[in-house]
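The values are calculated or read from the model by the stated rules, or taken from the named source; none is laboratory data. The structure displayed is predicted, hence computed values, not measured ones. In this analysis, Cβ positions are derived from the backbone assuming ideal geometry, glycine residues included, and neighbour counts consider all displayed protein chains.
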Amino acid sequence: MIQKKICLLGASSVGKTSLVKQFVEGIFNEKYLTTIGVKIDKKVVTLENNSLQFMLWDIEGNDRYNAFQERYLRGASAYIIVADQTRTTSLIEGLEIHSLARKVAKCPAILAINKSDLQPSWHWEDKGLEDYNDLFDLHFYTSAKTGANVDNMFIELAKLLQES
Amino acid sequence: MTSILNNVLNAMQQVIIEPVEGSLNLFKLVGGSCLWATELLPLSASQKVFSIDDNTPFLQDFLIDAQLIWNGSEDNRVRSGFWTEVVANNKELHLEAIAIKQDDQSLLIISNQTEDFTLRQSTMQSARELSLYNDHLIEQNEYLHTRILAIFNKPYEQENIITALTKAIENAGFAVLITKSDLTTIIANTAALHLFEQGGSSTHESSNPVDIIVQLLKNQLPEYERIIATKSSWDGELCWMSPPSTLKWLKVALYPVLDDLNEIKNWIIFANDISNIKYLVQRNEKSDLQDLLTQLPNRISFWQRLEKQIISNIPFYLLYVDVNDFRRHNEFYGHDEGDKLLIEVSGRIKSSIKTSDFIARVGGDEFAIILTDIDNQACCEGVVERILDCTREPFQTSELESFNVNLSIGAANFPHDAHSVEELMKFVDLSAYNGKRSKANSLQFYSQSMKDASRLIIEVEHELREAIKNDEFELFLQPIIDLELNKIVKAEALIRWNHPTKGMLFPDSFIAIAEKSGLIITIGKWVIDTACQMVDKINKMGHKVKISLNLSPAQVFDENLFPHLHTCIKNNKIDPCLLELEITEGVMIDDYAITEKLLNKVRAIGVSVSIDDFGTGYSSLAYLKKLPLDFLKIDRSFVRDIVSDDNDKAIVRAVIAMAHNLNLGVIAEGVETQEQLDFLEQNSCNSVQGYFFSKPIEFSSFIMLLQNQKKKDFESHSS
C-alpha cells in the first residue's frame, strides 16, 4: 500500500495530538498533555478506488522552548499547520512555521483551525482569514473534541494526494 | 563485549547497534540486552542481522542523518531527539538515538529515555500551561481595554455608560475596576469582589479592591506618583499580603481614560490572581528571583540587591533603561517579536557592562542597572555610551525585517542624589521618563533643573487647558500672493495665545507642549472650526480666498481628524476648495501609509494639500511623487540669503524646477525684500508670503487688506 508521510505542525497546545488521536482512535481527552519530540501513528484512509496509509508525524509544538526543525519534514507528502481559534497568536505562529516549512518542503500544505467547538478569539475575525487561505492548498475548521471535520480533513487530503 | 560493559549498558538502558559493512540497511546488536529493545526491534534478540524498516519509521528516517555521519571522513555524532514508540500492549517507549562515528567505527546507540522524557514533559507542561495562560490573559486584557475605551468614547448618557460598562466587564474572567479620576470606585465586577475577599479574620485593612491596589502600588512601586501625575499606563506584578491568611500574587494593569483636554476622566484597573502561576514558576525555575523571559534577575531580586548596595555605603550609579515605543513595536510585530526584542536588548546591554555590574528586568520594557565602582558622571556617561552603541545596530524580526530601537536612560547617583531605594528608583524613573519625550536615544541625569523643567511643562499644560476653556486663542492670517495674478489668493492661518498675564504668545512657546500633552488635538479642532468660519465670512464679503492650516503629526494620526474637518465644512456650508492643509516632511516619513490615506481623503472632497518648510526635513523624491500633493512651500531659511548666497539660489531654482516637473505649485516663505521677490519672480515661483507684503494679522485687518485690494483692482480696471 502506498504510504504518505503527513506532518502536523504548529504552536504548542493547539491540539495536534488531539487531532491525530481523534482521527486514529476516535478518542478525545480533555486533559492537555504536552508532546515531547515526535510520535508517529498510522492509519489507512480508504477512498473510492484506492487506499493510502498515512504516517502521521505528531511533532512537538514550536514555541520559545522548542524551535522548528526542518529535518522532520524530510520526505513528507503534506503537512498540516494547526492553529487554535481561541488564541490569535497561534495563527500568527502557525503562519511563521508555514513560511519556514515552505522553504524546505514543496508539498501540499493544509491549514487546520482547531477548537472550532469553542468561542473564537475576539480578534480572530480582524485578521482577515481569507487572506491566509490562499497560502494553503486546503483549509478546515476542525474540532478534535467533537470530531467535527477531522475525518473530512484527512479524506480530502488523501484525495488531494491521490490526484497529485 | 565484556559482561561488565553489558551490565553498564543495561543499567543505562542503552543498546548499541552496528551497521553491517557494505549494506545500507542491515544491522546487528553489539551491546546491551534490554527487554524494551527486543520489543522495539524483535529480530535483534536472535543475534542475527536485522533491518530497520517502516515498523519503526522515525528510526528509519533517522538513518539518513546517521549515514551522513558514518560516511563522513571525520569522527562525528548526531542525535535524533526524543521520539515515542508504541510497542506491544500499548506500552510507550520514549527513546533517543545517537549515530556515532569514532575511529572509523560506525555505531548507533538507542537509549530508553523514559526518565528524562518524563522530567522534560513535566517541565514543559508547566511552562506551556503558563504561556497559554499568559496568552489568554493578554488577549482578554487587550480586548477588554479596547472595548471599555470605545464605550467611553461613545456619546452615551452618563447612566447608559455605566450600564454598558457593567455589561462589558461583568463576565470577564478577571477583576475589572473602573474608577473616577481620583481613584474612587465607580464599578467593580464580581471577579474583583471575589479576588479581594478576605478570610473571616478581623483586619484593619480596607476591603475595597481599589483601596487595596492603590495601597500596594504606593508601597511597592516607586514610579507610582509619576505614573499618576503623567497619566501613564502601567502593568506589573504586586504581592498582596494581609495576615493571617492572605498571600496573593496579582498581575495588575492600570490604564488612564483621558478627555479632550487630556485630563484624567477615569482609570481602568485589571487584576489577575497569578499565585498559581508563581508557584509553577518557582517549581520549575527553583527561584522566584529570575525573569522567565530574559533570564535576568527580576524586580524583587533587583530590589534586594539595591538595598544591599545602599547598606554597603559605597558610591554607585543607578541606571533605568526604557525601550522607547515598545508598545507600538508589540502592536505592530506581535507579542512574540516583542519578547524576542526584549531578550536581544537585554543580551546586548549585558554584554556592554562589567560582570560586576548588576542588571535586572524591572518592568515590561524596563531594565535597571547598578554600576558599581563608578563615582563620577563622566565614567557613567562612558558606560551609557557603550550601551547605546551596542543597541544602535539594527535588530531583526524572525522574518528578517530590520528595525532600530531607541533607549531612554535615566541615571542617578548614590549617595549624591538620594539615600534610599525608593528615592533612587523614583529619581531614575523620572529621569528616563523625561528623556523619553525626545523619542531618540537619550541619557538624562537626575537634577534639580530637570525637576524644574518638568514643573514648568506641567504649569504650561495646565494654563493651556484653561486657555481652551476660556477661549484665549486667536487665529491670525498671513496673506499669500499669487505672482501671476498679483493678488492675495490665500492666507496661512497662524495661532496666537492671548495669555491673561503674559500677553500675546507665539506658537513656538506653547505648541511643542501642546503636542507632547496631546492637547494639540483639541487646539487643532478649534483651529479647523475657526478657519472654516473665517472662510465663510470672507466668502460672504465677496472675496475668494483660501485659508491654509498647519497640521501637527498627532493630528495627522488622529482618526477623528477627517470626520471633524468634513463636519466643519458641512456645518459652515463652505466650498472645500477654499481650505488647504499644510503638513511637514517629517509627518510623511513617520507613517507614509496613514498620511497617504488621509491626504487622499481630503483631496477627494476638494481640500488641497501643501508640504510646509520644504527642504528642512528628509523627504525623498519618491514621497513627493507618490503622495497626493498640490504645493511645496520653500522654507524661509533658503529664501533669506537668496540674493547673496549662490547655494541657496541653486537650491531654490532646483526646488522650483522639480516641483513644476511634478505638477506642484511653489510658495516661497519669508519674503522680506524686493530683491528676493525679483529673484523668485524671475525663476517662475508661483506664490510668495512674508513680511514684505504683510506679517500675520488679525482677521479684521486681513479683511481690510482684501477690501483695499478690491478697491485698487476696481480703480485700475476703471482707469
Going through (1) at pLDDT 85 or above; (2) within 12 Å of chain A (Cβ to nearest Cβ); (3) over 30 Å from B:Leu95 (Cβ atoms) one by one, B:Glu139 fails only at (1)
Do we find that B:Ile528 is in a helix (DSSP H, G or I), in the same structural domain as B:Phe693 (by TED's automatic domain parsing) and closer than 14 Å to B:Phe473 by Cβ in this structure? yes
Top-ranked residue in the range B:30-62 [being among the small types (Gly, Ala, Ser) and assigned to a helix (DSSP H, G or I); ranked as modelled with the highest pLDDT]: B:Ala37
The lone exception for A:Phe28 - which of (1) within 11 Å of chain B (Cβ to nearest Cβ); (2) part of a loop (DSSP other than H, G, I, E, B); (3) out of contact with any Asp or Glu (no Cβ under 8 Å at 6 or more places or on another chain) it fails: (1)
Could you check, for the range A:115-135, whether at least one of its residues is of a type in the set (Lys, Arg), more than 12 Å from the chain's Cα centre (by Cα) and over 24 Å from A:Asn29 (Cα atoms)? yes
Out of the range B:648-667, which residues are touching a strand residue (DSSP E or B) at 6+ places or on another chain (Cβ under 8 Å) and part of a loop (DSSP other than H, G, I, E, B)? B:Leu664
Return the total of residues in the range B:534-544 being under 19 Å from B:Glu474 (Cα atoms) and not basic (Lys, Arg). 4
Looking only at the range B:70-94, count how many residues are more than 9 Å from every other protein chain (Cβ to nearest Cβ) and either in contact (Cβ under 8 Å) with a residue 40 or more places away in the chain or under 47 Å from the mean Cα position of the chain (by Cα) (or both). 9
The condition of being out of contact with any Leu (no Cβ under 9 Å at 6 or more places or on another chain), modelled with pLDDT of 90 or more and surrounded by 19 or more Cβ atoms within 10 Å (Cβ to Cβ) holds, among B:Leu319, B:Leu341, only for B:Leu341
Check the range A:87-97 and report whether any residue there is within 25 Å of B:Gly338 (Cβ to Cβ) and among the basic types (Lys, Arg). yes
Going through (1) surrounded by 23 or more Cβ atoms within 10 Å (Cβ to Cβ); (2) within 11 Å of another protein chain (Cβ to nearest Cβ); (3) of a type in the set (A, V, I, L, M); (4) part of a strand (DSSP E or B) one by one, A:Ile6 fails only at (2)
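So that you can scan it fast, the table gives a plain yes or no per residue for (1) out of contact with any Lys or Arg (no Cβ under 8 Å at 6 or more places or on another chain); (2) surrounded by 13 or more Cβ atoms within 10 Å (Cβ to Cβ):
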{"residue": "B:Arg465", "(1), (2)": "yes, yes"}
{"residue": "B:Ile468", "(1), (2)": "yes, yes"}
{"residue": "B:Phe473", "(1), (2)": "no, yes"}
{"residue": "B:Gln478", "(1), (2)": "no, yes"}
{"residue": "B:Ala491", "(1), (2)": "no, yes"}
{"residue": "B:Pro500", "(1), (2)": "yes, no"}
{"residue": "B:Met504", "(1), (2)": "no, no"}
{"residue": "B:Pro507", "(1), (2)": "no, yes"}
Every residue in the range B:64-76 that is among the aliphatic types (A, V, I, L, M) and surrounded by fewer than 13 Cβ atoms within 10 Å (Cβ to Cβ), please. B:Ile64
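A quick yes/no check of all residues on (1) more than 14 Å from every other protein chain (Cβ to nearest Cβ); (2) of a type in the set (D, E, K, R); (3) under 30 Å from A:Asn62 (Cα atoms); (4) surrounded by fewer than 22 Cβ atoms within 10 Å (Cβ to Cβ):
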{"residue": "B:Glu399", "(1), (2), (3), (4)": "no, yes, yes, yes"}
{"residue": "B:Val405", "(1), (2), (3), (4)": "yes, no, yes, yes"}
{"residue": "B:Ile409", "(1), (2), (3), (4)": "yes, no, no, no"}
{"residue": "B:His416", "(1), (2), (3), (4)": "yes, no, no, yes"}
{"residue": "B:Leu424", "(1), (2), (3), (4)": "yes, no, no, no"}
I need the full set of residues from the range B:300-324 which are in contact with a Lys or Arg (Cβ under 7 Å, 6 or more places away or on another chain) and of a type in the set (Asp, Glu), in order please. B:Asp322
Looking at the range A:32-40, can you tell me whether even one residue there is out of contact with any Gly (no Cβ under 9 Å at 6 or more places or on another chain) and more than 11 Å from chain B (Cβ to nearest Cβ)? no
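This table checks each residue for (1) within 21 Å of B:Trp249 (Cα to Cα); (2) outside the structural domain of B:Leu258 (by TED's automatic domain parsing); (3) more than 26 Å from the chain's Cα centre (by Cα).
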site	(1), (2), (3)
B:Leu107	no, yes, yes
B:Phe117	no, yes, yes
B:Arg120	no, yes, yes
B:Thr123	no, yes, yes
B:Leu132	yes, no, no
B:Asn141	yes, no, no
B:Pro155	no, no, yes
B:Thr184	no, no, yes
B:Thr190	yes, no, yes
Identify, from the list A:Tyr65, A:Tyr72, A:Tyr79, A:Tyr32, the residue that is among the hydroxyl-bearing types (Ser, Thr, Tyr) and out of contact with any Leu (no Cβ under 9 Å at 6 or more places or on another chain). A:Tyr65
Out of B:Thr123, B:Thr118, B:Thr146, sole residue that is modelled with pLDDT of 90 or more and either within 13 Å of chain A (Cβ to nearest Cβ) or at positive phi (or both): B:Thr118
Scanning for something modelled with pLDDT under 90 and among the β-branched types (Val, Ile, Thr), does the range B:170-189 turn up at least one residue? no
Residue satisfying condition, being farther than 19 Å from B:Gly410 by Cα and surrounded by 15 or more Cβ atoms within 10 Å (Cβ to Cβ), within set B:Ser346, B:Ser301, B:Ser352: B:Ser301
Considering only residues that are buried (at least 21 other Cβ atoms within 10 Å of the Cβ) and at pLDDT 95 or above, which ones fall in the range A:13-22? A:Val14, A:Gly15, A:Lys16, A:Thr17, A:Ser18, A:Leu19, A:Val20, A:Gln22
